[in-house]
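Throughout, read-outs are computed from the coordinates displayed, never taken from laboratory work. All of these numbers come straight from a predicted model, not from anything done at the bench. Note that each Cβ is placed from the backbone with ideal geometry, even for glycine, and that neighbours are counted across all protein chains shown.
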Amino acid sequence: MASREFAMGVTDARAKRGYPRDVDTWHSNDLWNYERGRQWAALAPRSVALKRGGKLTAAAKSWYRDEII
């Protein structure tokens, strides 16, 4: 959840953007983190912030743990 790619997936999904053009050139772990971010954004309410002050919020962690894992 702390990766740049996860956060980018959340941002893109919430903005209803498609996948980046160069996504097929990404390393597989980066791509999976991006997709996990998109999935998390689909499940977590928009009111749940991913990060505050550069750190993951407790609510974000809870939504990940309770809904994705």
**Prompt:** Can you tell which of 36, 21, 52 shows the greatest fluctuation in a Gaussian network model of the chain with Cα springs below 10 Å?
**Reply:** 21
**Request:** Would you mind checking the tilt of helix 4-14 against the longest principal axis of the Cα atoms of the chain, expressed as 0 to 90 degrees and rounded to 10?
**Result:** 80
**Asked** In the set (1) 1.68; (2) 1.05; (3) 2.09, which value of Cα Rg over 2.2 N^0.38 Å was calculated from the structure you see?
**Response** (2)
**Prompt:** Taking only Cα atoms, what is the 0 to 90° angle, nearest 10, from helix 28-43's long axis to the longest principal axis of the chain?
**Reply:** 40
**Message:** Suppose R0 equals 22 Å. What FRET efficiency, 1/(1 + (r/R0)^6) with r the Cβ-Cβ distance, do residue 31 and residue 62 give to the nearest 0.05?
**Reply:** 0.30
**Prompt:** Which value in nm describes the separation of the simple spin-label points at residue 51 and residue 3, placed 7 Å from the Cα toward the beta carbon?
**Reply:** 1.4
